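> Once you've had a glance at the structure underneath, I'll fire off some questions.
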């Protein structure tokens, strides 16, 4: 067998050796790598099938895992992918019945409202940047939606505390049509299950034309969370994150990303009044 290594990202490599094909990821600190090892060790003891095992490594700041062959990132526009990913997340969250995740000093407590308040303030700071591409009126709308949501958002219960994946973007879930796997626990934290439910709904809504009725019909178990946290679903989290990311990009990559972000934002702003109306009338 060939022995080669190819860089995939700045700190990620694809490595083939006599034992097979692997992904290799270097972390900036040993503590970060230890966090990943801890999560996988705990989950492997439960014989969970939705993760890839972590291999032994002589270098403590590296995480090595088998390469998941023939895979692609999930598509939240696919009904099957949505249902499989939500099932994986539910299985992860339910591990709190067997593992006391809150006892780990490597997993921090997550405060969604504080994070969103900070994100909102950062968004206001770059409003001039957004105005350049979206115009004054649309930028005002974008800011106002966040402000209204934050002023009315309900606090989250401290019950049902569990591990949260922390980054439920589609490319952190892989499928080879036979199986689905969850990867990249870098941002894993502990917090209420309903927080990750909300963050996942935010990710899915653009793929289903922001149709909250469709979502509830497809995922009846989410109805309770939606009814309890309507204001959290009115917060334009995805738009804020993408514009803050665009602002921070180097100049040579900025315009290409913004060319895609503008129609995405226009679509969201067109659908947002209907989304808020439907949520308020549930």
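The values are calculated or read from the model by the stated rules, or taken from the named source; none is laboratory data. All values reported here derive from a predicted model rather than from experimental measurement. FYI the Cβ positions are ideal-geometry reconstructions off the backbone, even for glycines, and counts take in every protein chain you see.
> Exactly one of these conditions fails for residue 54: (1) touching a helix residue (DSSP H, G or I) at 6+ places or on another chain (Cβ under 9 Å); (2) surrounded by 16 or more Cβ atoms within 10 Å (Cβ to Cβ); (3) touching a residue at least 40 places away in the same chain (Cβ under 8 Å). Give me its number.
(3)
> Now, a different point. Checking the condition in contact (Cβ under 8 Å) with a residue 24 or more places away in the chain and under 17 Å from residue 182 (Cβ atoms), which residue from 60, 84, 102 passes? Let's see the steps before the verdict.
On the way: 60 fails: under 17 Å from residue 182 (Cβ atoms); 102 fails: under 17 Å from residue 182 (Cβ atoms).
Of the residues listed, the single one that is in contact (Cβ under 8 Å) with a residue 24 or more places away in the chain and under 17 Å from residue 182 (Cβ atoms) is 84.
> In addition: Name the one entry in 146, 166 that is in the same structural domain as residue 261 (by TED's automatic domain parsing), crowded, with 17+ Cβ neighbours inside 10 Å and not in a helix (DSSP H, G or I). First the steps, then the outcome.
On the way: 146 fails: not in a helix (DSSP H, G or I).
The unique qualifying residue is 166.
> Of the residues that make up the range 161-176, is at least one modelled with pLDDT under 95 and closer than 22 Å to residue 220 by Cα?
yes
Residue-by-condition table, conditions (1) within 18 Å of residue 27 (Cα to Cα); (2) under 17 Å from the mean Cα position of the chain (by Cα):
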residue	(1), (2)
52	yes, no
59	yes, no
64	yes, no
71	no, no
81	no, yes
86	no, yes
91	no, yes
102	no, no
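> Which of (1) modelled with pLDDT of 95 or more; (2) closer than 30 Å to residue 44 by Cα; (3) surrounded by 15 or more Cβ atoms within 10 Å (Cβ to Cβ) is the odd one out, the single condition residue 104 does not satisfy?
The single condition residue 104 does not satisfy is (1).
> Just to be sure before I move on: is residue 131 surrounded by fewer than 16 Cβ atoms within 10 Å (Cβ to Cβ), assigned by TED's automatic domain parsing to the domain that holds residue 217 and under 30 Å from residue 261 (Cα atoms) in the structure I sent? Full working, then the answer.
Values: surrounded by fewer than 16 Cβ atoms within 10 Å (Cβ to Cβ): yes; assigned by TED's automatic domain parsing to the domain that holds residue 217: yes; under 30 Å from residue 261 (Cα atoms): yes.
Answer is yes for this residue.
> Oh, and also: Just checking, which of 179, 188 is surrounded by 15 or more Cβ atoms within 10 Å (Cβ to Cβ), closer than 30 Å to residue 78 by Cβ and assigned by TED's automatic domain parsing to the domain that holds residue 83? It would help to see each step written out before you state the result.
On the way: 179 fails: surrounded by 15 or more Cβ atoms within 10 Å (Cβ to Cβ).
Within the list 179, 188, the selection yields 188.
> Does the range 63-81 hold any residues that are farther than 24 Å from residue 33 by Cβ, surrounded by 13 or more Cβ atoms within 10 Å (Cβ to Cβ) and without any contact (Cβ under 8 Å) to a residue 60 or more places away in the chain, and which are they?
Once the filter is applied, which keeps residues that are farther than 24 Å from residue 33 by Cβ, surrounded by 13 or more Cβ atoms within 10 Å (Cβ to Cβ) and without any contact (Cβ under 8 Å) to a residue 60 or more places away in the chain, the range 63-81 yields only 78.
> Sticking with this one: Among the numbered conditions (1) under 22 Å from the mean Cα position of the chain (by Cα); (2) free of Cβ contacts under 8 Å to residues at least 24 places away in the same chain; (3) assigned to a helix (DSSP H, G or I), tell me where residue 132 comes up short.
It fails just one condition, (1).
> Here is a follow-up. In the range 180-217, what residues are under 25 Å from residue 49 (Cβ atoms), in contact with a helix residue (DSSP H, G or I) (Cβ under 9 Å, 6 or more places away or on another chain) and in a loop (DSSP other than H, G, I, E, B)?
Once the filter is applied, which keeps residues that are under 25 Å from residue 49 (Cβ atoms), in contact with a helix residue (DSSP H, G or I) (Cβ under 9 Å, 6 or more places away or on another chain) and in a loop (DSSP other than H, G, I, E, B), the range 180-217 yields 183, 184, 185, 186, 188.
> Give the residue, chosen from 121, 88, that is surrounded by 15 or more Cβ atoms within 10 Å (Cβ to Cβ) and either at pLDDT below 95 or over 15 Å from residue 190 (Cα atoms) (or both).
Values: 121 fails: surrounded by 15 or more Cβ atoms within 10 Å (Cβ to Cβ).
Of 121, 88, the one residue that is surrounded by 15 or more Cβ atoms within 10 Å (Cβ to Cβ) and either at pLDDT below 95 or over 15 Å from residue 190 (Cα atoms) (or both) is 88.
> For the range 116-129, enumerate the residues that are free of Cβ contacts under 8 Å to residues at least 40 places away in the same chain and within 12 Å of residue 240 (Cα to Cα). First the steps, then the outcome.
Here is the first cut: in the range 116-129, the residues free of Cβ contacts under 8 Å to residues at least 40 places away in the same chain are 117-118, 121, 124-125, 127-128.
Answer for the range 116-129, where residues must be free of Cβ contacts under 8 Å to residues at least 40 places away in the same chain and within 12 Å of residue 240 (Cα to Cα): 117, 118, 121, 124, 125, 127.
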